[in-house]
Amino acid sequence: MKELNSEELFNIIGTNVKYYRKLYNLNRGKMTQENLAELVDVSTALIGNLESEKISQGISVVTLWKISQALEVPIENLFDKTRQNRKTS
């Protein structure tokens with residue numbers, strides 16, 4: 001198993017947050033970065049930075065858990081490497 005550095009891990013998490021937020025939009029209703037930030041009680045900038053491929057944004061486990069709850073996905077899905085190279089619009 002290849003060890004990930006923190007930047008790669010944050011990229012995987014951010015890609016998955018973006019993917020599941022957009023999937024939420026398709027299946028359950030509108031979930032903007034701002035909506036997600038309000039539900040999780042963080043800044044919209046944090047969500048934007050997390051989803052950005054250009055910024056390596058760290059995140060606490062508690063915040064990550066809150067995001068998984070808001071998006072209604074198991075927290076382990078946010079660590080799934082299979083979407084790392086896929087683009088979301």
The one condition residue 87 fails out of (1) modelled with pLDDT of 95 or more; (2) among the basic types (Lys, Arg); (3) surrounded by fewer than 13 Cβ atoms within 10 Å (Cβ to Cβ) is (1)
Over the stretch 6-35, the set of residues of a type outside the set (D, E, K, R), under 10 Å from the mean Cα position of the chain (by Cα) and open to solvent by less than 40 Å² (accessible area, probe 1.4 Å) is 12, 13, 14, 15, 16, 17, 20
Only unsatisfied item for residue 50, checking (1) touching a helix residue (DSSP H, G or I) at 6+ places or on another chain (Cβ under 8 Å); (2) exposed (fewer than 13 other Cβ atoms within 10 Å of the Cβ), is (2)
Picked from the stretch 61-83 (must be modelled with pLDDT under 95 and open to solvent by less than 60 Å² (accessible area, probe 1.4 Å)), the residue farthest from residue 4 (Cα to Cα) is 83
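The values are calculated or read from the model by the stated rules, or taken from the named source; none is laboratory data. Quantities reported herein were computed from a predicted structural model and do not represent experimental measurements. In this analysis, Cβ positions are derived from the backbone assuming ideal geometry, glycine residues included, and neighbour counts consider all displayed protein chains. Just the protein is used for accessible areas: all its heavy atoms, side chains included, with ligands, DNA and RNA removed. Shrake-Rupley method; radii C 1.70, N 1.55, O 1.52, S 1.80 Å.
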